[in-house]
Every structure is written in structure tokens, then in C-alpha cells.
Amino acid sequence: MTEPVTPTLLYLDNVTVSFDGFRALNALSLAIDHAEMRAIIGPNGAGKTTMMDVITGKTRPNEGSALFEGMHDLTSLDEAAIAELGIGRKFQTPTVFDMHTVEDNVLLALKDDRRPFSALFSRRTASERERVDALLERVRLTAHRRRKAGELSHGQKQWLEIGMLLAQEPKLLLVDEPAAGMTDQETADTADLLRDIAKTRAVVVVEHDMTFVRDLDVKVTCLHEGSVLAEGPLDVVSANERVIEVYLGR
Amino acid sequence: MKTQSLLDRQAVIVLSLLGLAAVLVPVLNVMTAPGSALHISDHLVPLLGKYLSFALLALSVDLIWGFCGILSLGHGAFFALGGYAMGMYLMRQIGPRGVYADPILPDFMVFLNWKDLPWFWYGFDWFPYAAIMVLLVPGALAFVFGWFAFRSRVTGVYLSIITQAMTFALMLAFFRNDMGFGGNNGLTDFKEILGFPLQSESTRIVLFVLSAVALAAGYLLCRWIVTSKLGKVLVAVRDAESRTRFLGYRVEHYKLAVFTVSAMLAGLAGALYVPQVGIINPGEFAPANSIEVVIWVAVGGRGTLAGAILGALVVNAGKTWFTGALPEFWLFALGGLFVFVTLLMPRGILGTAQDAWTRARARLPSRSAPNALPHAAE
Amino acid sequence: MISLRNILQAFVLLLGMATCAYAGPYEDALPKFAADSYSDTEAALGAVAGSGHPLSLSVVEALRDGRLLAANGQIFIREPSGNLLNAVTGQAFGPAPQNLKAVRINNRVRRAVEAAMGGLTLLSSDAGARMDAARAVFRSRDAAALPTLQQAIAKETHADVKQALESARAAILLNQADVSPTDRLAAIASLRSRGDQEAVALLSTLPAGAPPEVAEAASQAAAAIRSRLELWNAAQNVWYGISLGSVLLLAAIGLAITFGTMGVINMAHGEMVMIGAYTTFVVQELIRAYAPGMFGASLFIALPLAFLVAGSIGVLIERTVIRFLYGRPLETLLATWGLSLILQQTVRTIFGPTNREVGTPAWMSGALEVGSLSLTYNRVAIVVFAATVFVTLLLVLRYTSLGLYVRAVTQNRRMAGSMGIRTNRIDALAFGLGSGVAGIAGVALSQIDNVSPNLGQSYIIDSFMVVVFGGVGNLWGTLVGAMTLGVANKLLEPYAGAVLGKIVLLIAIILFIQRRPRGLFALKGRAVEA
Ligand SMILES: Nc1ncnc2c1ncn2[C@@H]1O[C@H](COP(=O)(O)OP(=O)(O)OP(=O)(O)O)[C@@H](O)[C@H]1O
Ligand SMILES: [Mg+2]
């Protein structure tokens, strides 16, 4: 393999995505360090989800580059390859496998050989079982492990999806609006969980809930119309005139 | 922890019933007197054998549709290709006993004034080769077709429509005399298989038993696939394809693998069908046939495997009865069945029964529920 | 025993010989036909043709058609009606002699016959006959006809006939070694302006020993004609393609509405077409029975009726079956397939399984000639009709409120619903519209296809190919899809044959869908991905 071009974990440079002329991302540049947690804020349609689409290979940028670990060109890989590199994603609307049990959902996400043949011959090992147990415990779903994921509440699904993310053991987690539709207590718990995770991995969180962002207490990037408007500690960003104007309101 | 074992209660029932049939049908055919109520007549044996081959075909469709959400409207093509491979072997077995008594060329080639056997007919006089082709040809077609289709993420109704186009194109091709498969008339007038005369009672019984064995083996294979982690991934693909991708699974590889296996099963079914029916012609490629298979699966219960077998048997028995007793009404009945099942019994016979069972169980102390299908799985 | 008949024959023979005694060249020549030798026959033919005798044309015609008979040295003409005439007198002849034998001809004689025919009728007063004669001479290139030809050309007033006469003369001149090169070049020019396959044949079989400039000019002219013919041929194929494309467009456009708006795969769509065709049949039967004079208008009466019948069946289907299956396209596909079986069998039960005869009004028969193109009126009518339907639908979808709602529902069902559009109603209406359009397509298709319960089946796969190829939810896509497939099909046909051409096309579409899984004109955006 080639030498890393940059020391950062994720490096977006000058990324532009346009849909029929409409620029969802406009020369966006962003760098995330190893084991860094970053909160992304910005008004609706700012391009936050689109940015995650680019990172995970769902959307191909028209211009610009996206490098992971300084050497993997994300714009030329597909979703599965990117996931295998160690980028996990939680979607804005929680998507889990409704017909599988909670535990099978986690099991499917466990880091393992992803090829069909090994799946056919794979046996569940004791260590796998332990990992599933630990993960379920961590996302507080042990009691629901045999229920179908489709039967869970919205918040439980969010947590299950975070659990699946962890099961993948990614180096970078992209978490889109994890607190949406949660009670205050659940929101606070989610913030705790994410902070905990961020001790060992890089996490990018998109969120509109400012209390939640404050709870996270990390560097904040504000997107607007597809590019970075402001970046820095939350207090600095929220004092920015433009940010107040387009997003926070007076 | 809920583990799905290879041999759960349903599997045990299916296998024992198949075993029972494999024993009982020959016994009732040979040991009882023709007049007796229990007697299975000589013409009934190959008919039942035909049903079993259809059941295997239905199983192959259920594997991809029920568990992976791929609705193939062209599985009849793989069935027919397997059938043609077997038909070519049977054709070569005729040897000089054909009408034109040519030792090498089948009658239709002599009739068309062909001088040499086309290259793709080579080897088909040797049973092992033909047997391999029965699996290989449908498998290879499915692999190539699937490789293109799944790689470019053709899904849903689009995939259904192009599978239909595939079988339609094959039908047109096989209708052509120049293709070298007997054109319109297809392959027929078979004499014997492996030296045993096809008309004889014992050969028919053996073919029936073989069909039962093949069906049991096919069922076990499907069970193995769907109870493994592979099966779980397939269901995940069915219910949330892109989510599965973001977990790092190469969805196209999974689909391709299971599609190819399914096509091979369909080919095997076709190979069992042909010697028992005595003919294979391009009509087997008709898109309508493939769609009918889907309804067998839907009637029995999509995504249950056993349901596919049940559906194939029930619908085909119904078809035999109708076409004998009320021929004009068969299409009404079949059409009505399509509408009825999709509207009112989306989970099919077996699924509905399972639901009822689960509900009854729910009143008792809880046990695990069967792996049910979503109502809107696409 | 000598029968009465034999005596009679002997008598007639005597009589015939008696007439010979003071006969002209015609009468002299006739007996030679009885010699059963090709050269004698040819000689006799020449003499008869040159005799100017009123019966000579009948004799030559009879010879050509194998109706010139000989028995006992006497020659008879069997009229097409079966009567036997004495060739000498032209009188009916009593009981046929037993040993009557047709005078045989070979190809050489046949050519001579053609030439003689040409010569004989070149001066006929009937323009049609002159035309035929000119063509006959053109084919036979018999130099003997040249003087008559010159005479005929001088007299001719009809432009078409005159051209035919001139090209006949050119054909003769071209093949004659003793004609001056200038005349032959003029002949070549004349043939070049004629410009058909026969001219090419003539120009490319120049007799050996022609002067080089003549040979050169001839081959140039032949090449020019050939490339012109190829062009016309391609144009003709494109026309066939456009007319096939119109048929496909008619069959598929209703599907584009139902598939495009509601995402409903309506496998019973073909049956709506079939029902439209049967409506036409019923309308025509009623007209035949009660108002035969209105037959010419039958199609115009059938159009609204077919729309109504198929449309109401469509609404009925939507209300009773399809609305329970929204969001489940694969189930819809199966249910509508079941419906298609039921509809087919219903029609089969009512009208029988065989083809029904649907008549073509008189105004639709005949053909429009454009250059070398022949555009049959029924095809022209279908192209025009398809265009009308297309434009009407386009306008309906663009300018009516139904259209607005339908487009709203197409783009975002949930949003449209929450904005107060009654998506249920729109679904039913749109489905009815799609089915109704299929019905009127059936009226058109009844003119070019067999009206049987299977009519719809034969169009359903093609229609889906069109829609899938063109892209869902866009009428322009359907138009482009239909025309592309139609023209490609017809352009492939001469090379690959009809069946292989179709197979090639199916494979091409399968491959195309791999490149563009959502067709040529795909809707974009997040709504589609969901
Ligand atoms: N596939 C697509 N086709 C067309 N437009 C798109 C597509 N995906 C995104 N967009 C547009 O790009 C813009 C950015 O969308 P995006 O979802 O990234 O915003 P966001 O910042 O995540 O907003 P929110 O906070 O509401 O989730 C939006 O205007 C959206 O309409
Ligand atoms: Mg978003």
C-alpha cells in the first residue's frame, strides 16, 4: 500500500455534489482525526446527510476527493468496501432488519468475513456470543434480544442501530441525528454513550438538538448550503453572526 | 437463544411425508389390485412424479423470492434448459430406433437434412455428461444473467420484467429449427434411460422415487442455506438491501450465489420432469409458465419452503382435476387463485396456518414465534 | 367400331383442310402448333403474331396460359370459361376430341410469347393493356417489337405509359449490338430514370462486346440506381418501423400511465387492448345487422365505446383489487396476471376461442405512393392515430387538473395526499384513463391483428419492454422507447430475420437495463430511491 497522504483519518477536500445543477455540497472540505468526535450542525438541506452519502459511497461526488486513513480513495469504492475499511453509519431514519430478532441484527453486523461462502459455513462461536451479549448490554436491549426488531420503539431502534454500528468495530462512526424522537433522558444517555465510544474511535455526529450537542462538548462544524460556515468550539460557533443568522436564530 | 436448526419440526414432517410417499406409491401401485380403492394406477405414478418435479421448481423459486426478494418471472427457462439437457440425452439414447433409423442423428435433424451432429450435441449420449449439463447450463445462464443484473442493481419489478424477457427470448430461439433443438416439436419419442425402457412400470416407479429423493435433497439444501448465516443475510437483503450494503455485505454476490443455486435446482427439476412426461418443447419457456410457478409458491406460503412444495402439489392437483372435469373453468380458477391469494391470503396456506398456530400459542405460556414474512417485503 | 363422334371428327378435319386451301398466313401457321416441337411453335407464334388476324391475340394468350390445345393436327382454344373454340374460325367446338393436348412451351417460347403479346397489345386502345404490353416488351427485349414500339411511342398521350414504352425501347436498344453508342447511351439514361430493380438487372447484363463507354455508363447507372433503391428500401423499412413503433406506442402508453403514476405493474393491460378490439367487433356486428350504411364510421363509433368499456373495467379492477395492493408492486403484478387470465377466459367463453373478423372500412384500404414508398392507408391511419392519442394524453396530463394531480401523485404520493389531493380518486381515474387508452389502442390494433382472446398476451411483453426502456413516468420516454424499438426491429429484420431480430432486441434491452436500470428518461431524486 501507498504511504498515507495525510495523517488525518478522514479527509474531504473540495467535494462538490450536484443534483441536476443543484449543489447539495459545494467545495466542502473537512478533516477528522483519529479518535476525534465532531458534531455537525446546520439548517435543513445544508448537505449533512449528503456528506455522509459521499463518505459511505452512496453518492459519487462530481468533484473533489475523499480520503480515508490518508490512502483509501472513498470516491472509487462501493458501499460494502467502504464499510469493510471501517466506516460505519447510522441513518437519519433508523433502519434495522425488521424481520430479524434484535440479537440477529447485532450478529449480522458483527465484524466477520462477509463473503457468502463463509456465511454459509459460519458457526456461532462462544466469543461471538459474548460479544453480542456485551453489545446488547451496552445498548440496553438485553431484555428484548429475542423480539423482532420491527416491534421495537423508535428510540430502541436508534439504539439498536448504534449497537449494530459498534458491532462492526469501525474506525469511524457516522451518526445521523441519533437523538431525533427521543426523550430528554434518552438524549442524555445517547450523548453519554457516544462520548464513551469516542474514547476509542472517531465519531461524526449530525444533530439539530443543541442541548445534545452541548452535552457532547466537542468541536463543532456548521454547514450551510453545502460548505463549511464555521468551525470550532460550540461557544465560538454559536457566537458567529452568520451561524446565528442562517441557523440558530436570534 | 433462538436457533433455527436444520431439522426443525417442519423439516421433519416434510422429509417423513416425502419418505412415506416414496415407499407408499410404489407399494400401492404394485401390491394392490387395480380395482381396489387404494390402488395407484400406472398412469398416476408419472403424474405424481411430475408434481414432485414441479414442487422442486417451486422450491427453487421460493428460495430466491421468499428469502431474498428476487421475483424471477423466468424460472421456467432454467427448468426448461435442464429439461432440454435431459431430453438431449434421451434423444441420443434412441439411436437407430428412430423413424429414419439414423444411428447418430435424431429424427428431426435427418428431417431437416442435417449431415452432422451439431457440436453442442456432443457428449450427450453419455449420461454423466448430460447430468452435469442439467445443472451447469441453467447455472451458467443464471450466473451470467445475474452477474449483469445484480451488479448494476436492477431490482424489483425491473428485474422481474427482464427475467420475463429472458425466458421469452429463449422461447423464440428454441422455436427456431436452426437452433438444433427440434424447433416447434421439441424433443420426444424417447425410448429408454440408462438402458431401462421409459414405458415400463418399474422405470416409472424408480423415476418417481428419484423425484422424491431429489425433492428431499433440494429441500434440505434450501433449509441449510436459509438456516445458516447466509440465509439471515438474504432475509436482510430482502428487507433492507441498502442497509445490508452499509454493513459491508456485497449484496450482489449473495444474490448471485443464491440465484445460481436456485437455477440449478430448477434445472434438476426439469431433468426429472422430462423422462416422466416424455416430451420437452419450447412451450416450457412460455412466460406464463414461469408466472404460474410463482403462484404455487404464493398459495403454499412464500418464504416457508414447505409451503412451496405444498402449493405446487395443491395447485397442480387442482389443475389436473379441473382440466379433466371442467376444462373451461381452469383459467377462471387459476386467475381467481392469483387474486385471492395476493389479496386475502398473502402468507399462503402454510403462513396462515402458522399465524393461527402462533396466536393459539400466544394464549399459552410463550414460546418462540416462527420466522414470519413481512406483508410488504419489497 | 366407328362411332358417330369419329365420323364427325373426320368431317371436321376435312372441313378444316378445305378452309386451308384459301387461307392467309394465320391459317397457314396454326397447324405448326400441333407439331409438338418448340421451334415450330416459335415459328408459328411469330407468324400468328404478325398476321394481324383478329384471333391472333387470343391464340397467343392461350398459348401463354396453356390453353392452346391440339388434337389431330387441329388447334383449339380453351377459353378461361372452359368453352372450346376452333382456333381457325373462332366458333365454339362441339364435344372435345379425346386426344386433346396442350401445346407445350419452354422458356424460350415463353419469352417469345411475352414479346408477341407486347407487340400485339402495344397499340391497344386500352391504356392499361398498353401499359402491360410495354412492360412485357421491356422484359422480353424482343427487337421485333421495335417498329411497333416506335409507332406506339409517337401516338402515346399517357405520361406513365409513355415512360414505360420508352424504357421498353431503351431495353431493346441497349441489348442490340448494331445500335450506335449514342443511342445506347440515351437508352441507359432512360433506364436510369426508370430506376427500379428491373432496370438494374438490365443494365448489369449488358451483352458482351459492348463499347467500353457504354459498359461504363451502364455500370454507373446500375450503381446509381442500386444506391437509390437501397435508400428507398431503408426508408420503407423505417416506415415499417414507425408504424410498428406506433402500434407499440398505442399498446404501451396506457401502461406508462398506470406504471408511471401508481407504480402498478398491470399485467392485465394487454387484456384491456383485447377488450377494445372486441368492442370494435361488437360495434361492427351491430352496424352490419342494423345500419350497414354506417360501416365506414364503425371505427369512430367504436373508439369512445372502447374507451368507456375498457376504462370502466379498469376502474372496477382498481377499486376491487389493486387499491389493496399499493406499495406492493410484485403482488400487484401477480394479482393483475390472475385478472388477465380471468378476462381472457371470459372473452373466450362469450366469443369463442377463434379469431373474430373485424372489417376494414373502405377508406382505410389502398396505399399512398410516395416515390418508391408504399404507405398503406391502414398503417398511415395508425401512425396518425397514435400521434393523436399521444398528443392528447400529453395535453391532458399537462393542462387539466386531473393531469396536475396525477403528476403530483407520481412524484410524491404521501405529500400529494397530505395536500388534500384525494389520491384514491386519482388512482382510480388514472387507472381508468390508462385502461381506456388501452381500449382505444385495441380499436386500432383490430385493424392489423387477429382479434382473438390472446390478442393482449402478444403485446404485453413488448409493451413492458417499451415502458422499461423509455423510463417510467414520462410519456416522452414511452414515445422514444416505442419508436426506437419499432424501427430497430424493422431494420434488423432484413439481416437477422423476424424472430432472430426480436431475440437480438430483447437481449439488447436486457443489457440496456443493466446500464440504465431506470430507463432512458428516468425520474431522479430521493423519492425514487425510497
Ligand atoms: N438524490 C437526491 N436528488 C436530488 N436532490 C437531493 C438528493 N439528495 C439530496 N438532495 C438535496 O440536497 C440537499 C441537501 O440534502 P441533505 O439531506 O444532505 O440535507 P441535510 O443537511 O441532511 O438536511 P436535514 O437536516 O433536513 O437532514 C437538499 O436540498 C436535498 O433536497
Ligand atoms: Mg439529513
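The values are calculated or read from the model by the stated rules, or taken from the named source; none is laboratory data. If you're wondering where the values come from, they're calculated on a predicted model, not measured in any experiment. Here the Cβ positions follow ideal geometry from the backbone for every residue, glycine too, while neighbour counts run over all protein chains shown. Calculation scope for accessible area: heavy atoms of the full protein, side chains included, ligands and nucleic acids excluded. Shrake-Rupley method; radii C 1.70, N 1.55, O 1.52, S 1.80 Å.
Only one of C:G296, C:G327 is within 12 Å of chain B (Cβ to nearest Cβ) and open to solvent by 20 Å² or more (accessible area, probe 1.4 Å); which? Going through C:G296, C:G327 in turn, the sole match is C:G327. Counted as qualifying within the stretch B:99-202 are the helices (runs of 4 or more DSSP H) with 3 or more residues that are surrounded by 15 or more Cβ atoms within 10 Å (Cβ to Cβ) and touching a Pro at 6+ places or on another chain (Cβ under 9 Å), namely B:156-175.
Looking at the stretch A:116-135, can you tell me whether even one residue there is within 16 Å of ligand 1 (Cβ to nearest atom) and farther than 30 Å from B:L256 by Cα? Within the stretch A:116-135, not a single residue is within 16 Å of ligand 1 (Cβ to nearest atom) and farther than 30 Å from B:L256 by Cα. Within the bounds of the stretch C:352-367, is there any residue that is farther than 17 Å from C:V273 by Cα and within 14 Å of chain B (Cβ to nearest Cβ)? Among the residues of the stretch C:352-367, at least one is farther than 17 Å from C:V273 by Cα and within 14 Å of chain B (Cβ to nearest Cβ), which makes the answer yes. With respect to the conditions (1) open to solvent by 10 Å² or more (accessible area, probe 1.4 Å); (2) free of Cβ contacts under 8 Å to residues at least 40 places away in the same chain; (3) under 30 Å from C:G501 (Cβ atoms), C:I225 lacks only one, and its number is (1).
Among residues of the stretch B:227-260 being among the β-branched types (V, I, T) and more than 19 Å from A:G150 (Cβ to Cβ), the one that is surrounded by the fewest Cβ atoms within 10 Å (Cβ to Cβ) is B:T227. Here C:D427 does not fit the description of being acidic (D, E), in the same structural domain as C:G270 (by TED's automatic domain parsing) and assigned to a loop (DSSP other than H, G, I, E, B). Go through the stretch A:214-225 and give me each residue that's in contact with a helix residue (DSSP H, G or I) (Cβ under 7 Å, 6 or more places away or on another chain) and within 15 Å of ligand 2 (Cβ to nearest atom). Passing the criteria: A:C222, A:L223, A:H224. Just give me the residues in the stretch A:203-227 being open to solvent by 40 Å² or more (accessible area, probe 1.4 Å) and more than 13 Å from ligand 1 (Cβ to nearest atom), in sequence order. Within the stretch A:203-227, A:M210, A:T211, A:R214, A:D215, A:D217, A:K219 qualify. So which residues in the stretch C:323-376 are farther than 15 Å from B:G335 by Cβ and among the β-branched types (V, I, T), if there are any at all? C:I350, C:T354, C:V358, C:T360, C:V370, C:T376 - these are the residues of the stretch C:323-376 that are farther than 15 Å from B:G335 by Cβ and among the β-branched types (V, I, T). Just to verify a result, which residue in the stretch A:119-165, among those that are among the hydrophobic types (A, V, I, L, M, F, W, C) and without any contact (Cβ under 8 Å) to a residue 24 or more places away in the chain, is nearest to A:L193 (Cα to Cα)? Here the residue is A:A134. When residues in the stretch A:13-56 are screened for being under 22 Å from A:E245 (Cα atoms) and within 12 Å of ligand 1 (Cβ to nearest atom), 15 of them pass. Every condition in (1) within 13 Å of another protein chain (Cβ to nearest Cβ); (2) farther than 18 Å from B:L59 by Cα; (3) open to solvent by 10 Å² or more (accessible area, probe 1.4 Å) holds for B:R302 except the one numbered (2).
Pairing each residue of the stretch C:325-339 that is closer than 15 Å to C:A268 by Cβ and among the acidic types (D, E) with any residue that is assigned to a helix (DSSP H, G or I) and open to solvent by less than 10 Å² (accessible area, probe 1.4 Å), provided the two are 6+ apart or on different chains, yields C-beta distances under 7 Å for C:E331/B:T342; C:E331/C:L325. For the residues B:Y219, B:Y254, B:Y273, the requirement of being among the hydroxyl-bearing types (S, T, Y), touching a Ser or Thr at 6+ places or on another chain (Cβ under 7 Å) and touching a residue at least 40 places away in the same chain (Cβ under 8 Å) singles out B:Y273.
Just checking, does the stretch A:11-31 include any residue being closer than 21 Å to A:E169 by Cβ and at pLDDT 90 or above? No.
Candidates in the stretch A:52-71 are the residues that are open to solvent by less than 10 Å² (accessible area, probe 1.4 Å) and assigned to a strand (DSSP E or B); of these, the one that is nearest to ligand 2 (Cβ to nearest atom) is A:A66.
Quick one: would you say B:A317 is more than 15 Å from B:L71 (Cα to Cα), open to solvent by 20 Å² or more (accessible area, probe 1.4 Å), touching a residue at least 12 places away in the same chain (Cβ under 8 Å) and within 14 Å of chain C (Cβ to nearest Cβ)? Answer is no for this residue. How many of the residues making up the stretch A:167-202 are in contact with a helix residue (DSSP H, G or I) (Cβ under 6 Å, 6 or more places away or on another chain), more than 13 Å from ligand 1 (Cβ to nearest atom), open to solvent by less than 10 Å² (accessible area, probe 1.4 Å) and modelled with pLDDT of 90 or more? Number of matching residues: 2.
Restricting B:L326, B:L334, B:L343 to residues that are exposed (fewer than 14 other Cβ atoms within 10 Å of the Cβ) and within 14 Å of another protein chain (Cβ to nearest Cβ) narrows the list to B:L326.
Could you say whether any residue in the stretch C:337-348 is crowded, with 23+ Cβ neighbours inside 10 Å and more than 14 Å from chain B (Cβ to nearest Cβ)? Within the stretch C:337-348, none of the residues are crowded, with 23+ Cβ neighbours inside 10 Å and more than 14 Å from chain B (Cβ to nearest Cβ). Residues of the stretch A:1-10 that are more than 23 Å from A:P178 (Cβ to Cβ) and either within 13 Å of another protein chain (Cβ to nearest Cβ) or crowded, with 16+ Cβ neighbours inside 10 Å (or both): A:T8 alone.
Within the stretch C:364-378, the set of residues being closer than 19 Å to C:F281 by Cβ and open to solvent by 60 Å² or more (accessible area, probe 1.4 Å) comprises C:S365 only. Examine the stretch A:146-158 for a residue that is of a type in the set (D, E, K, R), within 16 Å of ligand 2 (Cβ to nearest atom) and either open to solvent by 10 Å² or more (accessible area, probe 1.4 Å) or at negative phi (or both), and state whether such a residue exists. No - not one qualifying residue is present in the stretch A:146-158.
Of the numbered criteria (1) at pLDDT below 85; (2) more than 14 Å from every other protein chain (Cβ to nearest Cβ); (3) surrounded by fewer than 24 Cβ atoms within 10 Å (Cβ to Cβ), the one C:W239 fails is (1). All of B:G248, B:G307 fail the test of being assigned to a loop (DSSP other than H, G, I, E, B) and of a type outside the set (D, E), apart from B:G248.
Scanning the stretch A:11-51 for residues that are within 14 Å of chain C (Cβ to nearest Cβ) and either crowded, with 23+ Cβ neighbours inside 10 Å or within 16 Å of ligand 2 (Cβ to nearest atom) (or both) yields A:V17, A:F19, A:F22, A:A24, A:N44, A:G45, A:G47, A:T49, A:T50. Here A:R124 meets each of (1) away from ligand 2 (no atom under 14 Å from the Cβ); (2) modelled with pLDDT of 90 or more; (3) basic (K, R) with one exception, condition (2). Can you tell me which condition C:V443 does not meet? The list is (1) open to solvent by 50 Å² or more (accessible area, probe 1.4 Å); (2) touching a Ser or Thr at 6+ places or on another chain (Cβ under 6 Å), and all the others hold. Evaluating C:V443 over (1) open to solvent by 50 Å² or more (accessible area, probe 1.4 Å); (2) touching a Ser or Thr at 6+ places or on another chain (Cβ under 6 Å) leaves (1) as the failure.
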